[in-house]
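S.K.: Take a look at this one; I'll ask things after.
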Amino acid sequence: MVISATNAFTAKWLLPRMGSFRSELGGIDLQLLASDETVDLRSTAVDIGIRYGRGPYPDLTVEPLFNDRFAPVANPRLGVRTVEDLARWPLIYFAWRRSHPQNPTWKRWFAEAQLTEGSPAGELRFSDEGHAIQAAVAGEGVALVSQALVAEELAAGRLHQPFGPSIAGHAYHLAVSSERALSPGAHAVMAWLRTQAKGSCDVLDEFSST
């Protein structure tokens, strides 16, 4: 069974759940294909894709898993408590592969917070969201990243979310080829993914209420 997802989603969302997968579906051999390039689910050996965005997704059967949200996070030892503290540390950016006005960027966050974008301490830029998250964990600055992808770091205290607003991201979708019949194993894995996504929805609701 092969699941395709982005590098960041694979590393920060799927991998931490492999213990649950083995416990519930240990009889299914699983391969994770991590790539930020779009994988053609119609002509490859990939069984299930996790797509992030707004679509459309032609020739695929697609269902939403959960809507993402983004908020500033930092290592607690930096002492970031208020928006004024953003001036003391670099802002951590990562590049979006596709330009869209609703991408959850620092520019959009500052606009929604009614603040001027930027920090006198400068900025750090990465090509991958996972690297931006690791830089924040290492205490290199303040990152605007997916709350779903840093849930483990927030729960463990390696990161904290000192203030809002949190802003809407795009949606994660469960996608399969419309041209292939699904095996019983694929149906079981999709059911497991839905359950895990429900847990992420609950976590995002909790973050949004704090």
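S.K.: With labels modelled as points extended 7 Å from the Cα through the Cβ direction, what inter-label distance (nm, one decimal) is found for Lys107 paired with Ala95?
M.R.: For Lys107 paired with Ala95, the spin-label model returns 1.5 nm.
S.K.: A further question follows. Sorted by mean Cβ packing within 10 Å, highest first, what order do the peptides 148-160, 62-74 take?
M.R.: 62-74, 148-160
S.K.: For a quick protection proxy, order the peptides 137-143, 82-88 by their average other-Cβ count within 10 Å, most packed first.
M.R.: 137-143, 82-88
S.K.: Taking 0.36 nm per residue of sequence separation and subtracting the Cα-Cα distance, how much length would be gained by fully extending the chain between Arg81 and Phe126, in nm to one decimal?
M.R.: 13.8 nm
S.K.: How much length is gained if the chain between Asp40 and Thr61 is pulled fully straight, taking 0.36 nm per residue apart and subtracting their Cα-Cα distance, in nm to one decimal?
M.R.: Using 0.36 nm per residue and subtracting the Cα-Cα distance, I get 6.3 nm.
S.K.: What percent antiparallel are the DSSP beta bridges of region 68-168, to the nearest 5?
M.R.: Bridges in region 68-168 that DSSP calls antiparallel: roughly 55 percent.
S.K.: Rounded, prolate or oblate: which fits region 68-168 when a ≥ b ≥ c are the square roots of the eigenvalues of the alpha-carbon gyration tensor, with rounded for a/c under 1.5 and prolate only if a/b beats b/c?
M.R.: Rounded shape, in that the Cα axes give a/c under 1.5.
S.K.: Hey, fewest Cβ within 10 Å first, where do Ile48, Ile3 land in order?
M.R.: Ascending Cβ contact count within 10 Å gives the list Ile48, Ile3.
S.K.: Something else about it: In whole percent, what relative contact order does the chain give with Cα contacts below 8 Å and a gap of six or more residues?
M.R.: 33 percent
S.K.: Another question, if that's okay. Show me, for region 136-143, the HN-Hα J-couplings you get by feeding each phi into the Karplus relation (A = 6.51, B = -1.76, C = 1.60, θ = phi - 60°), rounded to Hz, glycine and proline as x.
M.R.: Karplus-based 3J(HN,Hα) across region 136-143 equals 5, 4, 6, x, 8, x, 10, 10 Hz.
S.K.: What nm value, rounded to one decimal, do you get for the distance between Glu152 and Gln31 when each label is placed 7 Å out toward the C-beta?
M.R.: About 2.3 nm separates the two model spin labels.
S.K.: May I ask what percent, to the nearest 5, of DSSP beta bridges between residues of the chain are antiparallel?
M.R.: In the chain, DSSP labels about 60 percent of beta bridges as antiparallel.
S.K.: Would you compute, from DSSP H runs of 4+ residues alone, the mean residue ellipticity of the chain at 222 nm, taking -39500 (n - 2.57) per run and dividing by the full residue count, rounded to the nearest 500?
M.R.: -8000 deg cm²/dmol
Every read-out reported here was derived from the displayed coordinates using simple, explicitly stated rules and does not represent laboratory data. Remember, it's a predicted structure, so these values are computed and weren't measured experimentally. Cβ: placed from backbone, ideal geometry, glycine included. Neighbour counts: every protein chain shown.
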